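The values are calculated or read from the model by the stated rules, or taken from the named source; none is laboratory data. Here the structure is a predicted model, which means the values were calculated and not measured. Cβ atoms come from the backbone with ideal geometry, glycine included; neighbour counts cover every protein chain shown. For the accessible areas, the whole protein counts, side chains as well, though only heavy atoms, and no ligand, DNA or RNA atoms are used. Shrake-Rupley method; radii C 1.70, N 1.55, O 1.52, S 1.80 Å.
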Amino acid sequence: MESKGKGGGYLLSLEGIRELFDRLREKYRVIAPKLKDGLIAFSDVDNFESLPFGYKNVEAPGFYSLERSGGYFTYTHPYNSFKNFLHPPELTLIKVKKENGKLSFQVHIQEEALCLFDIRACDLSALRVLDLVFLHKNPHPDPYYAGLRKGLFVVAVNCTYATSTCFCSTMGTGPEVKEGYDLLITELSEGFLVEVGSERGGEILEKVENKSDAERRHFKEKAQRLGETEATMRVHFEKEGLQERLYGRMDSTYWEHIEKRCVACTSCTQACPTCFCFDILEKNQLDLKESQRVRVWDSCFSPSFATVHRFNLRQSVHSRYRQWLMHKFAYWVDQFDCFGCVGCGRCITWCPVGIDIREEVRRIAYA
Amino acid sequence: MPTLENPYLLKAGRVEKVIKECEGVYTFHVRTQEPAYPGQYNMLYAFGVGEAPITIASMGEECIVHTVRAVGDVTRHIDQLREGDYLYWRGPYGNRWAIERAYNKTLLIISGGLGLAATRWVFEEALNKPIKRLVHLYGSKDYDSLLYRYLYENWSSKVEFYITLDRPDPRWKGKVGLITELLKELELDEDTIVFTCGPDPMVKACVRILQEKGIPQNNIYASLERHMKCSVGTCGHCMIGPYFVCKDGPIFRYDLIREYFERKEV
Ligand SMILES: Cc1cc2nc3c(=O)[nH]c(=O)nc-3n(C[C@H](O)[C@H](O)[C@H](O)COP(=O)(O)OP(=O)(O)OC[C@H]3O[C@@H](n4cnc5c(N)ncnc54)[C@H](O)[C@@H]3O)c2cc1C
Ligand code: SF4
Ligand code: SF4
Ligand code: FES
């Protein structure tokens with residue numbers, strides 16, 4: 001069969017998707033969704049059978065469960081995000097050795113060929129956001145992120161289902177994947193539509209045997225399915241002008257209302273695919289001959305985050321909530337020319353008290 | 001992508017001179033040929049302990065000057081360094097004082113406490129620049145905390161350099177009272193350029209007085225202190241409103257940060 005370059009489309013059977021997965025496994029360390037402790041989690045996946053086919057995640061503020069469902073890619077994004085792999089929760093920046101009173105330094109930049117298999121539209125937008133934060137809008141581009149990001153192969157999947165905490169349509173990030181992928185899969189009644197987004201995507205697909213040319217009706221069904229998914233989501237607030245509105249509401253008394261609920265547990269910032277804040281800690285050997293400088297995730301909700309001398313500049317919990325929400329929807333736009341929220345809804349699901357960022361934005365900016 | 005420069009790599013320099021300023025505050029002259037500018041800072045590293053952002057207080061012959069007050073883990077370690085030891089750091093980071101704006105005008109420098117370390121270098125530069133009138137107010141909490149005593153004579157002989165102590169002391173013959181009192185007494189024309197560094201409340205109080213004197217906010221520059229971990233705009237700790245103090249600052253034109261700086265807990 002003739003190979004198709006960028007923009008081409010094929011119809012694959014499940015066997016074809018398996019072949020594709022196995023081809024990718026030969027070249028890449030594959031990160032994909034997997035069932036783990038009753039959750040769908042992005043994990044290292046060696047084996048096609050591990051994909052959580054036929055499950056669906058049911059989410060609501062402070063609630064998560066899995067149900068069986070007919071079909072394959074019937075879930076949404078995993079409970080954790082790809083951030084765990086490109087900006088790991090713990091990463092050694094530099095090893096320092098002390099000998100005869102002098103220090104020497106050792107740096108190891110991990111450069112690994114990673115493949116994200118089955119990333120959804122919201123998370124793909126979050127990947128673009130992190131690229132801006134760590135690389136393209138950073139005067140000191142981060143070599144550690146760059147090392148892991150460099151060869152990243154992206155297999156995206158269009159969502160044919162949205163859970164109740166999803167609001168990608170509000171943020172304009174989904175449910176349709178529009179750019180930034182090597183290959184894009186949409187599950188259809190007859191099989192899987194696979195579209196090519198890059199040359200290397202085309203090359204790998206070329207080696208897959210179980211495939212035929214996609215036809216017009218396949219693209220029509222894709223559009224229809226995406227339309228149906230989108231129709232199940234409400235638009236929660238107007239994105240245009242949101243930044244200005246929020247800047248005008250920094251003194252709103254509503255922030256204090258949030259203080260009565262938020263317990264500053266930092267769960268939201270850990271679940272969020274775009275939250276990038278970190279601390280640098282020293283990990284010392286007992287004999288004090290070696291010390292590692294380790295980057296670990298931090299959160300604007302933690303009390304020591306903004307301490308100057310002995311004063312925490314954000315003592316009250318509501319000021320920390322304001323920092324988080326203002327950062328996501330206002331400051332971020334000034335800093336990186338985009339929102340810091342992609343509407344994945346993780347912070348809503350994983351908030352133990354069920355704080356719903358959509359509702360808070362609406363009440364602060366539009367009530 | 002080309003290999004990126006690693007922002008976390010440290011440099012080493014020999015400590016050439018150590019001056020004890022007062023109890024717990026030392027000034028270090030450290031050998032280096034790295035270029036730097038008044039207003040910038042370095043991240044000083046203490047093995048096994050961590051890093052702290054410290055202003056470049058001055059530049060000597062192939063030396064940078066740092067003045068460090070031992071308040072915490074890192075600074076306590078740094079203050080134990082002596083001549084011949086090595087200091088490790090990364091930098092310089094941050095922006096510079098906009099000294100050109102003060103050419104042919106009055107330049108007022110207001111320093112509170114250790115803030116003098118952040119204004120010293122630009123003040124020394126200003127002595128040799130085409131500045132119409134140079135005034136420097138320095139407030140210290142008490143006699144024993146005064147920094148750079150060995151420089152006062154030279155400074156006062158050239159320009160208006162005034163010191164005030166918060167607390168009286170039998171050894172002190174000069175002014176006593178808050179720096180704001182000193183500022184109120186000062187005659188200034190409206191087109192004065194102001195550089196200030198000190199505790200947040202001092203900066204806020206001084207700005208109010210300057211406004212009463214008709215000096216516009218966009219003539220005022222303040223060097224801010226915030227919690228910093230990475231210094232390269234990636235860790236998020238130093239944010240104030242939409243700004244990262246580490247890379248957009250530490251010096252800010254006041255009209256640009258007033259909103260965030262004056263509002264509680266931003
Ligand atoms: C741009 C910039 C420039 C700076 N320039 C200088 C400089 O030139 N010289 C200088 O000495 N510092 C300077 N600082 C301040 C310095 O970086 C901080 O004080 C830093 O936190 C010291 O690190 P540390 O590890 O020693 O103390 P930390 O570990 O951060 O502090 C440990 C603990 O010490 C206590 N502590 C800290 N400060 C005080 C205090 N003032 N009073 C009472 N208790 C305190 C607190 O309990 C704190 O939690 C600058 C800061 C910035 C942002
Ligand atoms: S703020 Fe919440 S909804 Fe937005 S990207 Fe982060 S976790 Fe997802
Ligand atoms: S909003 Fe919810 S998840 Fe986030 S810190 Fe507060 S309680 Fe935790
Ligand atoms: S110190 Fe890390 S972002 Fe400014």
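Is it true that B:G60 is free of Cβ contacts under 8 Å to residues at least 60 places away in the same chain and open to solvent by 10 Å² or more (accessible area, probe 1.4 Å)? Reasoning before the result, please.
Working: free of Cβ contacts under 8 Å to residues at least 60 places away in the same chain: yes; open to solvent by 10 Å² or more (accessible area, probe 1.4 Å): yes.
Answer is yes for this residue.
Of the residues B:K264, B:K213, B:K175, B:K184, the single one that is open to solvent by 30 Å² or more (accessible area, probe 1.4 Å), more than 16 Å from ligand 3 (Cβ to nearest atom) and within 22 Å of A:S302 (Cβ to Cβ) is B:K264.
Pull up segment B:1-30, narrow it to residues that are part of a strand (DSSP E or B) and within 14 Å of another protein chain (Cβ to nearest Cβ), then point me to the one that is surrounded by the fewest Cβ atoms within 10 Å (Cβ to Cβ). Result: B:R14.
Yes/no per residue for (1) open to solvent by less than 10 Å² (accessible area, probe 1.4 Å); (2) of a type outside the set (K, R); (3) in a loop (DSSP other than H, G, I, E, B):
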residue	(1), (2), (3)
A:S104	no, yes, no
A:H108	no, yes, yes
A:D123	yes, yes, no
A:R128	no, no, no
A:G151	no, yes, yes
A:A156	yes, yes, no
A:T160	no, yes, yes
A:E176	no, yes, yes
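The residue that is nearest to B:D200 (Cα to Cα), counting only those in segment B:53-112 that are out of contact with any Lys or Arg (no Cβ under 9 Å at 6 or more places or on another chain) and away from ligand 1 (no atom under 15 Å from the Cβ), is B:I110.
Looking across segment A:315-367 at every residue that is more than 14 Å from chain B (Cβ to nearest Cβ) and among the hydroxyl-bearing types (S, T, Y), the one that is farthest from ligand 1 (Cβ to nearest atom) is identified as A:Y366. Checked against the criterion of being out of contact with any Phe, Trp or Tyr (no Cβ under 9 Å at 6 or more places or on another chain), at pLDDT below 95 and surrounded by fewer than 18 Cβ atoms within 10 Å (Cβ to Cβ), the candidates A:G54, A:G38, A:G71, A:G8 yield just one match: A:G8. Counting only residues that are among the small types (G, A, S) and within 9 Å of ligand 4 (Cβ to nearest atom), which one in segment B:216-248 is farthest from the other protein chains (Cβ to nearest Cβ)? Step by step, filter segment B:216-248, then rank; the result is B:S231. Summed over segment A:268-299, residues that are over 18 Å from B:Y8 (Cα atoms) and open to solvent by less than 30 Å² (accessible area, probe 1.4 Å) total 8.
Count of segment A:267-297 residues, restricted to those that are over 16 Å from A:K328 (Cβ atoms) and within 16 Å of ligand 3 (Cβ to nearest atom), is 1. If the condition is being within 14 Å of chain B (Cβ to nearest Cβ) and over 22 Å from A:V133 (Cα atoms), then segment A:50-99 contributes A:K95, A:V96, A:K97, A:K98, A:E99. Counting only helices (runs of 4 or more DSSP H) that fall entirely inside segment A:249-367 and contain at least 2 residues that are more than 20 Å from A:H236 (Cα to Cα), the qualifying elements are A:254-259, A:267-271, A:317-326, A:332-336.
Which of (1) in a helix (DSSP H, G or I); (2) charged (D, E, K, R); (3) surrounded by 13 or more Cβ atoms within 10 Å (Cβ to Cβ) is the odd one out, the single condition B:E225 does not satisfy? It fails just one condition, (1).
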